[in-house]
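Heads up: the structure comes next, in structure tokens.
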Amino acid sequence: MVFERSARFTETVDEDGDPCENLDTLRLSVFDSLREVFRLKEFDIRAINFSTYGASFVYLDGDGRTIAPLYNYLKKYTPELQKQFYDTYGGEEEFSSRTASPVLGNLNSGMQLYRLKYEKPHLFRQIKHALHLPQYLSFLISGNVCSDITSIGCHTNLWDFPKNDYHYWVKQEGILEKLAPLVPCNEVVPSFFPGNTYSVGVGLHDSSAALIPYLVNFHEPFVLISTGTWCITLNPFNDTPLTREELKNDCLCYMSYQGKPVKASRLFAGYEHEQQVKRISDHFNQSAGRFRSMEFNPKIIADITKREALVNKAEDADILKKSLFEQRDLSSFATEEEAYHQLIFDIVTQQYVSTQLVLTGANARRIFVDGGFSKNSIYMNLLATFFNDMEVFAASMAQATAVGTALAIHRSWNDKPLPNDIVELKFYSVTHDVLL
């Protein structure tokens, strides 16, 4: 039995007027959700765990009170301060290589603490604990402050991957003393509230949590393309160091819940799809819903391949830096069906290049796709055709991130063996009518 509750929060702004999440509303929503679940007699709550995006800190004082906004990771970073940092610690290329973190400003969450130290020293001095958002939610229920490796190891600039420890700048700048102790991802602590018997997990970064069900169910090498606003290719079987070219093309490393590097590449394809569908809809006077269940038409794709210069394995990744479809003249398409097939063809062309970046050096023979694009038959058929030497599957699993957080602490609430059938797969074969 599954119970789901969703809520939307109105954004607030930080002291600079930049949008950010409302911590007070978020905190109240957690408690409201728990009260609602506890009233349901059909559930026996044994353990609670959390996952969220991991790229922002919540700052607590010595009494456990929040003392700053939850700064948005898209907030612009001061160029002079960024230059100061990288000039001090070995330059962008060397530093990024060691921390498996492309230069991403505030999206490198460690840089948020560095910014506070130099731009808001009065606030920095008040910070007793800086918790990534998943660990803050855990703290609300457990009263326990901790850090977990999936958040610390996720493009934060904090973790030195070759050394398998914090980068030396973290201690040098007095950041380490603000970070809570690292604990294993399968560790649980008692609830903070007297009279409750459930355990509380430490929380996980969402991308790492979503990978857990696949690691539990599949042991032969694979890659997972997790699709949403970002399409992230995760390869937990590629432990080769990030190269200069990979870093330049937005590759990075996540960290698995087992503490192992997961090489990843990113593509802003979900956002691209959303924007271009609006453009097609407006041009052809169609509802955006028209494209949600559009079937794959191999004849249209065959016509596209006759006029396109197709990507190959040796092509450089400059193709990832711009929208391929944005510059296309929509009046050149006879129907919205043709235009939409071209859009998906362009997106899969970029996805092919992006995924190839993390396939090198690994022996993966399977690709799993989850999220929105896994339900798009045009995308899936084209992906299988582009990757014609691999097995391509659409993966179906409700709430993969939530399932992953439960599996991470499985032994604390369930004495049965780990399940091996929680991921449903649909195989897509090569479309031979389409010549690539």
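The values are calculated or read from the model by the stated rules, or taken from the named source; none is laboratory data. The structure presented is a predicted model; accordingly, all values stated were derived computationally and were not measured. Don't worry about glycine lacking a Cβ; one is built from the backbone with ideal geometry, like all the others, and counts go over all protein chains shown. Areas reflect the complete protein model, heavy atoms only, side chains present, ligands, DNA and RNA absent. Shrake-Rupley method; radii C 1.70, N 1.55, O 1.52, S 1.80 Å.
Points to keep in mind about this one:
- For region 201-259, the alpha-carbon coordinates run over 35, 27, 22 Å along the three principal axes, in decreasing order.
- Accessible area per residue in Å² at 1.4 Å probe, computed on region 349-397: 29 Å²
- The phi-based Karplus calculation (6.51 cos²θ - 1.76 cosθ + 1.60; θ = phi - 60°) puts the 3J(HN,Hα) values of region 85-90 at 4, 5, 5, 6, 10, x Hz, whole numbers, x for Gly and Pro.
- Solvent-accessible heavy-atom area per residue, rounded to whole Å², over region 163-253 at 1.4 Å: 44 Å²
- Computed [θ] at 222 nm, helices only, for the chain once each DSSP H run of length n ≥ 4 contributes -39500 (n - 2.57): -10500 deg cm²/dmol
- Region 97-230: proportion of alpha-carbon pairs further apart than 17 angstrom, %: 66 percent
- Principal-axis analysis of the Cα atoms of the chain puts helix 206-217 at an angle of about 70° to the longest axis.
- Reachable aspartates and glutamates from Lys426, criterion Cα separation under 12 angstrom, eight or more residues apart if same chain: Asp370, Glu391
- Using the 1.4 Å probe convention, the accessible area of region 1-89 works out to 62 Å² per residue with neighbouring protein chains retained.
- Here the Kirkwood formula, the inverse mean of 1/r across different C-alpha pairs, assigns region 387-433 a hydrodynamic radius of 13.2 Å.
- Evaluating 6.51 cos²θ - 1.76 cosθ + 1.60 at θ = phi - 60° for every residue in region 285-293, the Karplus couplings come out as 6, 10, 6, 4, x, 4, 9, 5, 10 Hz, glycine and proline recorded as x.
- Share of carbon and sulfur in the accessible heavy-atom surface of region 128-260 [1.4 Å probe, %]: 53 percent
- Projected area averaged over orientations for region 6-164, convex hull of C-alpha atoms, nm²: 10.8 nm²
- In region 351-436, the inverse of the mean reciprocal separation of distinct Cα atoms equals 14.8 Å; this is its Kirkwood hydrodynamic radius.
- Taking amide H positions as modeled 1.01 Å from N, with prolines and chain starts lacking one, the residues under 5 Å from Leu204 and 5 or more places away or on another chain are Phe50, Ser51, Thr52.
- Residue of Lys306, Lys375, Lys426 that the Gaussian network model of the chain assigns the largest fluctuation, springs spanning Cα pairs under 10 Å: Lys306
- Restraint check, Lys76/Lys260; Lys83/Lys171; Lys171/Lys321, Cα-Cα greater than 26 Å: Lys76/Lys260; Lys171/Lys321
- In sequence order, calculated HN-Hα J values of region 322-338 (Karplus, 6.51, -1.76, 1.60; Hz; x Gly/Pro): 8, 6, 7, 8, 4, 8, 6, 7, 5, 5, 7, 9, 6, 9, 5, 5, 5
- Highest-fluctuation residue, Val223, Val30, Val170 considered, GNM on the chain with Cα pairs under 10 Å: Val30
- A simple count of charges around Tyr166, restricted to other residues whose Cβ falls under 15 Å of its Cβ and scoring Lys, Arg +1 and Asp, Glu -1, yields -1.
- When the inverse distances between all different Cα atoms of region 139-193 are averaged and flipped, the Kirkwood radius reads 12.4 angstrom.
- As a size descriptor, the averaged projected area of the C-alpha convex hull of region 1-71 was calculated at 6.3 nm².
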